[in-house]
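Presented below is the structure to which this report refers.
The values are calculated or read from the model by the stated rules, or taken from the named source; none is laboratory data. Predicted model, so just to flag it, every value in this text is computed and none were measured. Using ideal geometry, Cβ is built from the backbone for each residue, glycine included, and neighbour counts are taken over all protein chains shown.
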Amino acid sequence: MKFSRFLASMALPMMMAGCASFPGTTFQLEELEKTVPSGSPFTQALAFEYKALAASERAQYSWFNSQHFARKGLAAAHGASVSPEDLADWSFADEQAAQDLAAARVRLITVLGGAAPSRAPALTATAQVKFDCWVDQQDKDWKKEDISLCRKDFLAAMDALEVQAKPAAAATPAATATKPAKPDNFQLFFDFNQAGLTPEAARIVGSLASAAKAAGYPKLTITGYTDLTGSASYNARLSLKRAEAVRKALMAAGVPADKLVTEGRGKADPLVTTADGVREPQNRRAVIRFDN
């Protein structure tokens with residue numbers, strides 16, 4: 001944020017002076033950590049993601065930015081609409097990075113204005129907060145690795161959202177007469193340590209079954225994944241259980257069993273880069289690919 005480098009340099013000595021200088025002060029992150037989010041699934045997911053970002057800022061002794069993101073998390077936790085960062089409020093020494101962020105914000109605003117917040121609330125919240133993380137780290141311009149990680153996670157979330165939102169390609173009359181165009185891949189998410197479908201995931205399976213029927217029931221490969229908590233062997237089993245849960249739901253919705261293939265990838269290929277042991281909701285997923 002503009003003047004954030006100055007404020008960050010001043011914040012640590014101020015905090016070390018203790019709260020006695022500001023009696024009765026309530027720090028927003030502490031309040032957010034005690035708040036049970038309400039509102040839509042999207043605003044609840046935003047609150048969770050902003051809490052993690054604010055905690056990360058606190059761990060880096062970036063007190064001002066920690067409180068800033070905690071305030072956004074509190075607003076989201078109470079069901080309020082929270083916008084991604086306005087780039088005019090931040091300073092960037094790297095002109096190319098500033099241009100990249102401007103283009104990224106246009107992509108994000110487009111997604112936020114569509115069906116993504118209701119169709120994939122957790123993934124959309126990740127995209128917004130990882131964008132804010134990228135903005136924050138680019139403004140600080142201290143650690144290139146941190147900038148790269150926030151940017152990478154934002155782009156991964158955006159790519160997944162845009163794939164889900166993309167309509168099936170228009171087929172030529174000749175192609176329509178022989179074989180309907182296949183839709184893009186689908187993706188759905190699971191609760192921590194669970195293989196059962198959430199209500200949102202069940203709705204996605206319903207859409208997926210309809211798309212498979214319209215495409216003439218092509219082969220579908222269902223790949224399960226986990227986050228990076230737990231042992232490799234346990235997560236291999238859990239990821240396969242998640243894929244199997246999707247397979248059974250698709251069969252119940254009318255998709256032929258011989259058109260469904262399942263596999264479990266465990267901790268491999270996380271959607272969001274985290275340290276080992278981190279409970280990241282976006283990594284607990286199944287991806288359904290339409291094959292030939």
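Within the range 123-134, identify whether any single residue is of a type in the set (Asp, Glu), under 20 Å from residue 32 (Cα atoms) and at pLDDT 90 or above, and answer yes or no. Within the range 123-134, one or more residues are of a type in the set (Asp, Glu), under 20 Å from residue 32 (Cα atoms) and at pLDDT 90 or above. Here residue 208 fulfils each of the conditions (1) closer than 19 Å to residue 123 by Cα; (2) over 24 Å from the mean Cα position of the chain (by Cα) apart from (2).
Do we find a residue being assigned to a helix (DSSP H, G or I) and over 19 Å from the mean Cα position of the chain (by Cα) anywhere in the range 115-138? Yes, the conditions are met somewhere in the range 115-138.
Residues in the range 72-96 that are in a helix (DSSP H, G or I) and buried (at least 17 other Cβ atoms within 10 Å of the Cβ): 72, 73, 74, 75, 76, 77. Would you please list the contacts, defined by Cβ atoms under 7 Å and residues six or more apart or on different chains, that run from a residue in the range 234-247 that is under 21 Å from residue 277 (Cβ atoms) to a residue that is aromatic (Phe, Trp, Tyr) and outside any helix (DSSP H, G or I)? If the second residue must be aromatic (Phe, Trp, Tyr) and outside any helix (DSSP H, G or I), the pairs left are 239/225; 242/190.
In this structure, is residue 104 within 20 Å of the chain's Cα centre (by Cα), among the small types (Gly, Ala, Ser) and either farther than 24 Å from residue 28 by Cα or surrounded by 19 or more Cβ atoms within 10 Å (Cβ to Cβ) (or both)?
Answer is yes for this residue.
Find the residue count for the range 74-85, including only residues that are in contact (Cβ under 8 Å) with a residue 24 or more places away in the chain and within 23 Å of residue 102 (Cα to Cα). Result for the range 74-85: 4. For the range 31-71, the set of residues classified as of a type in the set (Val, Ile, Thr) and part of a helix (DSSP H, G or I) consists of 43 only.
Of all positions in the range 149-163, none carries a residue that is surrounded by fewer than 16 Cβ atoms within 10 Å (Cβ to Cβ), at pLDDT 90 or above and on the phi > 0 side of the Ramachandran plot.
Screening 231, 210 for residues that are of a type in the set (Ser, Thr, Tyr) and more than 21 Å from residue 163 (Cβ to Cβ) leaves exactly one candidate, 231.
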